[in-house]
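Engineer: Sending over a structure as structure tokens; questions will come in a sec.
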Amino acid sequence: MIKDLRTRLTHHRPFTLPLEGIGFQYGFNTDTLESWVQYWAQDYPFAERENYINKYPQFKTNIQGLDIHFVWIKPEESVYHNKKVIPLLLLHGWPSSILEFYRAVPFLTTLSDERDFVLELVIPSLPGFGYSDSAVRPGLGPVEIGVVLRNFMHRLGHQQFYIQGGDAGSIIGSIMATLFPKEVLGYHTNFGIVLDPKALILIAGMAVNPYLFMDPKLVHRLYPLTKTIEFLLEESGYFLIQATKPDTVGVGLTDSPSGLLAYILEKYSTSTNKEYRQLKDGGLTRKYTRDELIDILMIYWTSNCITTSMRLYAETTSKKELAFRTYETPTTVPTWVIQAEHELIYEPPNALRVKYHNLVNVTAIPYGGHFLALELPQVFSEDVLDAIKTFRGSRTAKIKL
């Protein structure tokens with residue numbers, strides 16, 4: 001497989017030259033792309049990075065006919081002594097993988113005298129991603145995946161647990177909190193969005209004078225709405241393709257590792273900081289190493305999952321899935337949101353409360369982007385731990401763990 005990969009990378013057709021004076025505004029700059037392709041083919045330390053990817057215990061179990069691949073990190077009893085073991089389900093999104101949380105694991109599993117618990121981390125590859133099975137027929141959307149993952153946690157012996165999710169993982173995690181409020185003891189997300197029409201109407205109404213309704217220091221994240229809408233339109237092309245014809249674009253990405261690199265890593269530029277679009281190198285190595293980003297590509301390439309991962313967008317926006325109306329069904333599960341400065345979408349707390357009736361806290365940080373666990377693992381982990389500590393102390397949470 002590695003020999004074939006190197007051959008494809010080395011013998012790609014000449015890339016189309018970028019326009020003069022352009023960074024990443026048109027997508028991945030092909031002048032920069034050449035150096036990434038050469039590095040992947042010639043200098044990427046395959047064996048060393050394989051060891052890194054395999055550094056945590058990995059397993060598979062079959063749930064409802066699907067083999068689910070997952071990382072399972074359990075604390076050693078000799079270490080945690082009398083502390084309570086708390087299961088935390090960590091859910092990645094697209095174009096991400098289990099690797100998004102690797103940097104955060106040491107922080108999440110650190111013992112502290114200030115906490116009476118330790119975390120047991122469960123990090124699955126979503127169905128259709130990485131080394132988990134994909135569906136063989138239409139209909140495996142976020143609601144169905146939520147049921148699969150709930151049954152998956154039961155299989156591991158956890159009738160109650162906490163969830164953290166970002167991107168697609170936040171959609172699935174939110175659905176699980178909505179459907180299983182007695183099992184999900186707390187929900188933490190770094191991608192807090194509410195699509196209930198009442199929340200969107202509220203956001204539109206606040207545009208008249210947003211300073212009356214929200215923290216003045218955060219107004220620029222959402223208003224003027226024309227700026228936000230313009231940005232979302234500029235960056236939503238991939239979403240529309242994947243929500244309608246994922247298999248078509250998947251053909252090229254499955255066949256060309258160079259194309260896969262450009263398609264996926266362009267998201268790690270813009271989604272980390274939209275200003276990186278102005279840079280010829282996309283700012284990719286400002287927050288991540290080359291090896292870390294190519295590790296992600298290796299998950300997609302070796303598992304041949306790019307097409308099946310993109311199908312999640314089509315399933316999420318299908319008439320069948322939208323008919324569940326989970327996006328406008330309130331949940332009383334204790335919810336905690338962390339909002340990074342450069343997250344793709346910002347919604348103020350009063351909009352979030354339309355769905356999350358037990359919104360315990362919103363942490364707004366003046367830095368960071370979409371892939372927060374990978375970019376700022378310590379900040380991410382401390383917020384998650386603070387959330388769980390608060391959830392456990394909340395009377396309204398009715399927590400048994």
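Engineer: Considering region 129-143 alone, what residues qualify as being among the β-branched types (Val, Ile, Thr) and not in a helix (DSSP H, G or I)?
Structural biologist: The first filter runs over region 129-143 and keeps only residues among the β-branched types (Val, Ile, Thr), leaving 136, 143.
Residue satisfying the conditions is Val136 alone.
Engineer: Okay, next question. Out of all the residues in region 96-121, which are within 15 Å of the chain's Cα centre (by Cα) and not acidic (Asp, Glu)?
Structural biologist: Within region 96-121, Ser96, Ser97, Ile98, Leu99, Phe101, Tyr102, Arg103, Ala104 meet the criteria.
Engineer: Return yes when Pro348 is at pLDDT 95 or above and either buried (at least 22 other Cβ atoms within 10 Å of the Cβ) or touching a strand residue (DSSP E or B) at 6+ places or on another chain (Cβ under 8 Å) (or both) and no when it is not.
Structural biologist: Criteria met by Pro348.
Engineer: While we're looking at this one, here's another question. Gly146 fails exactly one of the following numbered conditions: (1) assigned to a strand (DSSP E or B); (2) in contact with a Leu (Cβ under 7 Å, 6 or more places away or on another chain); (3) farther than 19 Å from Lys60 by Cβ. What is the number of that condition?
Structural biologist: Checking Gly146 against (1) assigned to a strand (DSSP E or B); (2) in contact with a Leu (Cβ under 7 Å, 6 or more places away or on another chain); (3) farther than 19 Å from Lys60 by Cβ, the one that fails is (1).
Engineer: Let me ask something else about it. Going by what's in this entry, would Ser125 be described as hydroxyl-bearing (Ser, Thr, Tyr), farther than 17 Å from Glu315 by Cβ and surrounded by 23 or more Cβ atoms within 10 Å (Cβ to Cβ)?
Structural biologist: On the way: hydroxyl-bearing (Ser, Thr, Tyr): yes; farther than 17 Å from Glu315 by Cβ: no; surrounded by 23 or more Cβ atoms within 10 Å (Cβ to Cβ): yes.
When the stated conditions are applied, Ser125 does not pass them.
Engineer: Kindly indicate whether any position in region 60-68 is out of contact with any His (no Cβ under 7 Å at 6 or more places or on another chain), modelled with pLDDT of 95 or more and among the basic types (Lys, Arg).
Structural biologist: no
Engineer: Go through (1) more than 13 Å from the chain's Cα centre (by Cα); (2) at pLDDT 95 or above for Tyr80 and report which single condition fails.
Structural biologist: (2)
Engineer: OK, next. State all residues of region 149-162 that are outside any loop (DSSP other than H, G, I, E, B) and free of Cβ contacts under 8 Å to residues at least 24 places away in the same chain; if no residue qualifies, say none. Show your work before the answer.
Structural biologist: Quick first cut of region 149-162, residues outside any loop (DSSP other than H, G, I, E, B) only: 149-155, 161-162.
Once the filter is applied, which keeps residues that are outside any loop (DSSP other than H, G, I, E, B) and free of Cβ contacts under 8 Å to residues at least 24 places away in the same chain, region 149-162 yields only His154.
Engineer: Any chance you could count how many residues in region 19-54 are farther than 19 Å from Leu260 by Cβ and either aromatic (Phe, Trp, Tyr) or surrounded by 11 or more Cβ atoms within 10 Å (Cβ to Cβ) (or both)?
Structural biologist: 5
Engineer: Ok, one more. Just the residues that are under 18 Å from the mean Cα position of the chain (by Cα), within 24 Å of Leu126 (Cα to Cα) and assigned to a loop (DSSP other than H, G, I, E, B), please, taken from region 316-366.
Structural biologist: Hits for region 316-366 are Thr317, Glu343, Leu344, Ile345.
Engineer: Output the number of residues of region 75-114 satisfying the condition of being closer than 25 Å to Glu375 by Cα and either crowded, with 16+ Cβ neighbours inside 10 Å or among the small types (Gly, Ala, Ser) (or both).
Structural biologist: Qualifying residue count, region 75-114: 25.
Engineer: Looking only at region 247-287, count how many residues are over 16 Å from the mean Cα position of the chain (by Cα) and part of a loop (DSSP other than H, G, I, E, B).
Structural biologist: 6
Engineer: From the list Leu185, Leu149, exactly one residue is within 20 Å of Phe101 (Cα to Cα), modelled with pLDDT of 95 or more and hydrophobic (A, V, I, L, M, F, W, C). Which is it?
Structural biologist: Numbers: Leu185 fails: within 20 Å of Phe101 (Cα to Cα).
Exactly one residue qualifies, and that residue is Leu149.
Engineer: If you check every pair at least six apart or on different chains, which have Cβ atoms under 7 Å apart with a residue in region 233-260 that is more than 18 Å from Ile294 (Cβ to Cβ) and touching a residue at least 12 places away in the same chain (Cβ under 8 Å) first and a residue that is in a helix (DSSP H, G or I) and hydroxyl-bearing (Ser, Thr, Tyr) second?
Structural biologist: Glu235/Thr270; Phe239/Tyr313; Gln242/Tyr313; Ala243/Tyr313; Pro246/Thr307; Pro246/Tyr313; Asp247/Thr307; Gly250/Thr307
Engineer: Next question. Here is a check on your reading of the model: is Gly173 in contact with a Gly (Cβ under 8 Å, 6 or more places away or on another chain) and crowded, with 24+ Cβ neighbours inside 10 Å?
Structural biologist: Yes.
Engineer: Out of all the residues in region 167-226, which are hydroxyl-bearing (Ser, Thr, Tyr), touching a strand residue (DSSP E or B) at 6+ places or on another chain (Cβ under 6 Å) and either assigned to a loop (DSSP other than H, G, I, E, B) or farther than 24 Å from Lys267 by Cβ (or both)?
Structural biologist: Residues satisfying the conditions are Thr178, Tyr187.
The values are calculated or read from the model by the stated rules, or taken from the named source; none is laboratory data. Just so it is clear, the model here is predicted, and its values are computed rather than measured. Cβ: placed from backbone, ideal geometry, glycine included. Neighbour counts: every protein chain shown.
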